[in-house]
Amino acid sequence: MTIQFEQTCLFFVVIGLGLIGVLQGNVNEEENRKVHHIERRQACPDSKMCKSQWGYCGTGPDYCGTGCTAGPCLSGGTSSGNGNLITDQIFACAFNTIDAGTRANRLDGLRKSGWTPANKDEAAVFLAHVFHETDGLKTVREYCAPGCGSHYAGTWCSIQGKPGKLYYGRGWFQLSWPCNYHAAGQALGVDLLSNPDLVEQRADLAVKTAVWFYNSNNMAGPAKQGDFAATTRIINGQLECNGGAGANNQIQRVATYRRIRKCFGLGDPAKNPSC
């Protein structure tokens, strides 16, 4: 009788320990899931890196392309983009000073880039800056080029320009300087430091480099809220804002923004567009 009692007690002890182990395992597994979830949501250690849909950090289309969740994503990251906002008619309204053939080429580049705005406010802000920087998309190369190329030979990073290459403004946001060409190329998976002309030769890269700058400098946040002034401070605030030397340029930039808002059926800006 004593032996049977001891065996029964031993049986329950073993079962109890097993249950504790299972429960502990479940707790550990749940904690691991929480930690993993938190790690996936954290930003990458380098602001130039993108976080892929799988939670890994890096540069290039595999990280910054489809599914990108953080960093300078090519499609605006986690924003719920609406690819139907910029129709042929709205694009024609916004860029009303170029011929139909040029406009079709530019719009094709936009669509191939994969970028989509989250809302009409963001679309109007982005396109207004594009219009201003490119003379209404008449050019994707700075008018002073190539003569002014030597003006952009300097560097503030560890990157030096390649011999014989010029880094004047190109693309929808007039990408300039060796450091920017290198960083944009790293994010896009293209060697733009060695081949800066690609930005003006490929319609999609003309757009993608602008989107890279836009996202790298956190312009999307204020753009979605219709805060045009905040985005102007980012793109050229030192010259145009607070009565700077380029204050007249800002007047033109704001006028363009007000006009393009009407293309999207938007009224006057809710926030002061001047900086």
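The values are calculated or read from the model by the stated rules, or taken from the named source; none is laboratory data. Since this is a predicted model, take the numbers as computed values, not measurements. Don't worry about glycine lacking a Cβ; one is built from the backbone with ideal geometry, like all the others, and counts go over all protein chains shown. These area figures cover heavy atoms from the full protein model, side chains too; ligands, DNA and RNA do not enter into them. Shrake-Rupley method; radii C 1.70, N 1.55, O 1.52, S 1.80 Å.
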Q.
Which count do you get for residues in segment 91-106 that are within 17 Å of F173 (Cβ to Cβ) and aliphatic (A, V, I, L, M)?
A. 1
Q) Does L110 meet the test of being over 26 Å from N248 (Cα atoms), in the same structural domain as W212 (by the TED database) and surrounded by 17 or more Cβ atoms within 10 Å (Cβ to Cβ)? A) yes
Q) If you take the residues in segment 190-223 that are open to solvent by 10 Å² or more (accessible area, probe 1.4 Å) and of a type in the set (S, T, N, Q), which one is farthest from T59 (Cα to Cα)? A) Q201
(Q) Regarding segment 88-100, can at least one residue be identified that is under 21 Å from I234 (Cβ atoms) and open to solvent by less than 10 Å² (accessible area, probe 1.4 Å)? (A) yes
Q. Restricting the search to segment 53-66, which residues are assigned to a loop (DSSP other than H, G, I, E, B), at pLDDT below 70 and either of a type in the set (V, I, T) or buried (at least 16 other Cβ atoms within 10 Å of the Cβ) (or both)?
A. G65, T66
Q) In segment 232-246, how many are over 22 Å from the mean Cα position of the chain (by Cα) and open to solvent by 30 Å² or more (accessible area, probe 1.4 Å)? A) 4
Q | Residue that is farthest from the chain's Cα centre (by Cα) [pool: residues in segment 118-169 that are farther than 30 Å from A270 by Cβ and hydroxyl-bearing (S, T, Y)] | A | S150
Q.
Out of everything in segment 113-130 that is open to solvent by 30 Å² or more (accessible area, probe 1.4 Å) and outside any loop (DSSP other than H, G, I, E, B), what residue ends up being nearest to S274 (Cα to Cα)?
A. D121
(Q) Among the residues that make up segment 171-193, is at least one of them under 28 Å from I90 (Cα atoms) and in contact with a Pro (Cβ under 6 Å, 6 or more places away or on another chain)? (A) no
Q: Within segment 131-145, track down each residue that is within 14 Å of D197 (Cβ to Cβ) and either outside any loop (DSSP other than H, G, I, E, B) or not assigned by the TED database to the domain that holds A94 (or both).
A: R141
Q) Among A183, A255, A229, which is of a type in the set (A, V, I, L, M, F, W, C), part of a helix (DSSP H, G or I) and under 17 Å from the mean Cα position of the chain (by Cα)? A) A183
Q: Could you check, for segment 135-144, whether at least one of its residues is closer than 25 Å to C64 by Cα, open to solvent by less than 50 Å² (accessible area, probe 1.4 Å) and in contact (Cβ under 8 Å) with a residue 12 or more places away in the chain?
A: yes
Q: State whether the residues of segment 146-165 include one that is in contact with a Pro (Cβ under 8 Å, 6 or more places away or on another chain), open to solvent by less than 50 Å² (accessible area, probe 1.4 Å) and not in a loop (DSSP other than H, G, I, E, B).
A: yes
